[in-house]
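The values are calculated or read from the model by the stated rules, or taken from the named source; none is laboratory data. These figures come from a predicted structure and were not determined experimentally. Here the Cβ is made from the backbone with ideal geometry for all residues, glycine too, and neighbour counts use every protein chain on show.
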Amino acid sequence: MSIDVVRKWVDRPLGMQDLFPQQAKFRRKVESVLLEEFDEHGFEMVSCGAFEYVDTLLRGRAAAEAEAWVRVFDTLGRTVALRPEMTPSIARMAAPVLSGGNKEIKWCYAERVYHRTDDPASLSWVSGRAAESTQVGVEWIGPSSHEVDAKLLLMCQSGLKRLGLKDWQMVVSHAGFASAFLSASGIESAVVDDLLAMLARGDYVGFRRIVDGQEDTELASGDVLLSVLSKLDPFSSSRLTDLIHVSWKDASLGKQVEHYWDSLVQFAAQLKSMGLANQLTFDLTLTRDISYYTGIVFEVFANGVGAPVALGGRYDGLLASFGAPAPAVGFTYEVERLMAALSEIEWTTQPTNDGETGASE
């Protein structure tokens, strides 16, 4: 039988990846280590089906995000999708528990998530654009304080250390700071949305071009705005107006920026009291969907991986959309990205004669 005929039957859909024994064992080990960490902190494991109603997944999300989901119709004609993340599913499960009188929920999970993609999986796991990937994470529902947020960051770091991952960097921000700062500086709301999208994908050239192209000549330059956002350090414990000399174009939004800053300073003080000051950095160019995230957000990066190996934040408004208002915070590890950072394994697609991949850990 020719090689071409064999290949015809072993081709996979784009974005999908096979794991041979060595790799599969490695992934299971990573999952187990992280789940052990969660268990020691009192988080209980839950699981749910891979499909969710699109309406469920869109709670607190922009409709445009559904374009990246794998959607089908069920037998009753309702639109369902393979879950792109776990948080909406956990919120759906938690809502009746909260309504029943529970004041605090600490749940963890280890599940596959799915996205539409045109990228081969061997590259996309590292770049962050896989069609299928594994998330191991936690959701802490009920309490809301700087101490809770700091404990979550500490647990995330503890899991990384438990895995033996070296040379990682945790970056922390506030979901609403950049948006309020840009708006208070005089940039129109429609333009702010474009600028936030550019910050999210790291397009600083485009950011500068749009800011510098505004008709208002009194606006600060794109370079200045980026410099302020990236260099502000809440560990300084200073008033924002003492750090930057700016005249807010919108006074009410300026007050909102200062409120966010004061919250960040308080959070930094909490981190310092827990010995975390030297284990993370603040970068307020880090931004997330402000219709979803309401407070602290963070990402963890590792050498050789082009997307976060862990990420999370506070989302105090999501549970209300399920009829059970409650503050919440959570994060997830991206398992395949962690595997790429932890090992020199080469993601081959054909086994050797003994059924292994031939790659070494």
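Comparison of V211, V265, V228 shows that the only residue that is in contact with a Gly (Cβ under 6 Å, 6 or more places away or on another chain), outside the structural domain of S145 (by TED's automatic domain parsing), in contact (Cβ under 8 Å) with a residue 24 or more places away in the chain and part of a helix (DSSP H, G or I) is V211.
Just one of the listed residues (K106, K29) is out of contact with any helix residue (DSSP H, G or I) (no Cβ under 8 Å at 6 or more places or on another chain) and assigned to a strand (DSSP E or B), namely K106. If the condition is being part of a loop (DSSP other than H, G, I, E, B) and free of Cβ contacts under 8 Å to residues at least 60 places away in the same chain, then segment 309-346 contributes P325, E344, E346.
When segment 62-95 is limited to residues that are assigned to a helix (DSSP H, G or I), of a type in the set (A, V, I, L, M) and surrounded by 20 or more Cβ atoms within 10 Å (Cβ to Cβ), the one that is farthest from the chain's Cα centre (by Cα) turns out to be A95.
The single residue among S179, S183, S252 that is farther than 19 Å from F298 by Cα, part of a helix (DSSP H, G or I) and touching a residue at least 60 places away in the same chain (Cβ under 8 Å) turns out to be S183. As a summary of the residue check, G306 satisfies the conditions (1) assigned to a loop (DSSP other than H, G, I, E, B); (2) out of contact with any Leu (no Cβ under 6 Å at 6 or more places or on another chain); (3) modelled with pLDDT of 95 or more except for the one numbered (3).
Go through segment 170-206 and give me each residue that's in contact with a helix residue (DSSP H, G or I) (Cβ under 9 Å, 6 or more places away or on another chain), under 30 Å from Q157 (Cβ atoms) and of a type outside the set (A, V, I, L, M). Within segment 170-206, S173, H174, G176, F177, S179, F181, D203, Y204 meet the criteria. Taking segment 8-25 as the range and being assigned to a helix (DSSP H, G or I) and within 15 Å of S133 (Cβ to Cβ) as the test, the residues that pass are Q23, A24. When every residue of segment 231-249 is checked against the conditions, none turns out to be of a type in the set (S, T, Y), farther than 30 Å from L153 by Cα and either at pLDDT 95 or above or assigned to a helix (DSSP H, G or I) (or both).
Per the listing S185, S173, the residue uniquely crowded, with 21+ Cβ neighbours inside 10 Å and either charged (D, E, K, R) or closer than 15 Å to D250 by Cβ (or both) is S185. Taken over segment 42-61, the criterion of being out of contact with any Lys or Arg (no Cβ under 9 Å at 6 or more places or on another chain) and either part of a helix (DSSP H, G or I) or under 17 Å from V136 (Cα atoms) (or both) is satisfied by M45, V46, S47. The one condition from (1) of a type in the set (G, A, S); (2) modelled with pLDDT under 95; (3) more than 17 Å from L160 (Cα to Cα); (4) loosely packed, with under 15 Cβ neighbours inside 10 Å that G323 does not meet is (2).
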